[in-house]
1. For the range 82-93, check the following and say yes or no: at least one residue is among the charged types (D, E, K, R) and within 14 Å of Y44 (Cβ to Cβ).
2. For the range 92-118, how many residues meet the condition of being in a helix (DSSP H, G or I) and either closer than 25 Å to L198 by Cα or open to solvent by 50 Å² or more (accessible area, probe 1.4 Å) (or both)?
3. Across the range 119-162, which residue is nearest to the chain's Cα centre (by Cα) among those that are surrounded by fewer than 19 Cβ atoms within 10 Å (Cβ to Cβ) and outside any helix (DSSP H, G or I)?
4. Could you grab me the full set of residues in the range 60-74 that are outside any loop (DSSP other than H, G, I, E, B), open to solvent by 10 Å² or more (accessible area, probe 1.4 Å) and farther than 17 Å from C20 by Cβ?
5. Of these, I31, I77, I85, I89, which one is among the β-branched types (V, I, T), in contact (Cβ under 8 Å) with a residue 24 or more places away in the chain, open to solvent by less than 20 Å² (accessible area, probe 1.4 Å) and outside any helix (DSSP H, G or I)?
Amino acid sequence: KVIMEALKTSKKLKKVDFSCMKLGDQKVSRIAKNLQMNSLTHIYLGESDIGNIGIREVMKVLNNNTVIRLDLHNNEIGNEGAKLIGQFITNNNTLTQLDIALNKIDDEGAKAIVGGLKENNSITQIDIEENSIGEQYQVMIEKHLQQNKSRAEAYSKFEKLIEELNNKILNKTCTNNSKDKIIMKEGLKKIIEKSKALKNKTSIEQITNILEELLKKNKITRGLLMVFEE
C-alpha cells in the first residue's frame, strides 16, 4: 500500500525494480497504472508471476514511456503476451534490451516478436532462452538483432558528425548571421528526425558520407545545408 501511494505521487521515476517479488497479475496491473505519469527508462519485473493479463497493463504503460531496458524473465508470459510485446516493439524506437527468457512462449509468440522486429530499429539484445521457440525463429530474431546492431554502429558515427556540424554552425567560420544560425540549427533537427526513420546501415552510411563531404567545406552556408536536408 505504501509503495502504491508513492507511485501515485511520483512523476520523476526513471527506474523501477520489482524483481523476484512474485507480485502476480493483479498487483502488477495496479503498479502499472500508477506508473503512467513517469518517463521510465528501466523496468525490472523478472520473477514477478506475470501472465498475459499483467503484461497487457505493462504494455499500456510502455506506450507512454521512453523505456530502454525491459526485464520480464521467468514469468508466466505466453503467446498472447508475446503478441502484445510484438505490437509494442513495432512502434517503439527507444528499447534496446529485452529479457523474456524462462517464459511460456513458443513459435506462435515468436512469430509476433519477429514481426515487431521487422519494423524496429533500436533493439539490439533479446534474451529468449528457456522458452519453446524453434530454431527457425531463433535464427530470424538473431538476424534482426544483428541488423539493428550494425545500424546502431553506423548511427553512432552519424551522430558524431552531426555534432561536429552543429559546432561548425555555431562557429564564426560558418556564418555571422544569427538568423541563419537559427534556421540552420532547425534544419539539423529535421535531418536528425528524418534519419531516425532510416531502417538499415546502408542508408545511414550514405547520408553519413554526404555529411563528411559537407564538413570538408571551408564555409557551410544555409543553402548547402538545405540541399543536404532535402
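1. To start, the set of residues in the range 82-93 that are among the charged types (D, E, K, R) comprises 83.
Narrowing further to those that are within 14 Å of Y44 (Cβ to Cβ): none.
Within the range 82-93, not a single residue is among the charged types (D, E, K, R) and within 14 Å of Y44 (Cβ to Cβ).
2. Result for the range 92-118: 11.
3. Restricting to residues being surrounded by fewer than 19 Cβ atoms within 10 Å (Cβ to Cβ) and outside any helix (DSSP H, G or I), the top hit is S122.
4. Residues of the range 60-74 outside any loop (DSSP other than H, G, I, E, B): 60-62, 69-71.
Restricting the remaining residues to those that are open to solvent by 10 Å² or more (accessible area, probe 1.4 Å) gives 60, 69, 71.
Passing the criteria: only K60.
5. Working: I31 fails: outside any helix (DSSP H, G or I); I85 fails: outside any helix (DSSP H, G or I); I89 fails: outside any helix (DSSP H, G or I).
Step by step, each of I31, I77, I85, I89 is checked, and only I77 is among the β-branched types (V, I, T), in contact (Cβ under 8 Å) with a residue 24 or more places away in the chain, open to solvent by less than 20 Å² (accessible area, probe 1.4 Å) and outside any helix (DSSP H, G or I).
Condition check ((1) among the aliphatic types (A, V, I, L, M); (2) at pLDDT below 80) across all residues:
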residue	(1), (2)
E129	no, no
M140	yes, no
Q147	no, no
A152	yes, no
E164	no, no
N176	no, yes
K179	no, yes
I207	yes, no
F228	no, yes
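The values are calculated or read from the model by the stated rules, or taken from the named source; none is laboratory data. The structure displayed is predicted, hence computed values, not measured ones. Note: ideal-geometry Cβ built from the backbone for every residue, glycine included; neighbour counts use all protein chains shown. In case anyone asks, the SASA skips ligands and DNA or RNA and just uses the protein heavy atoms, side chains included. Shrake-Rupley method; radii C 1.70, N 1.55, O 1.52, S 1.80 Å.
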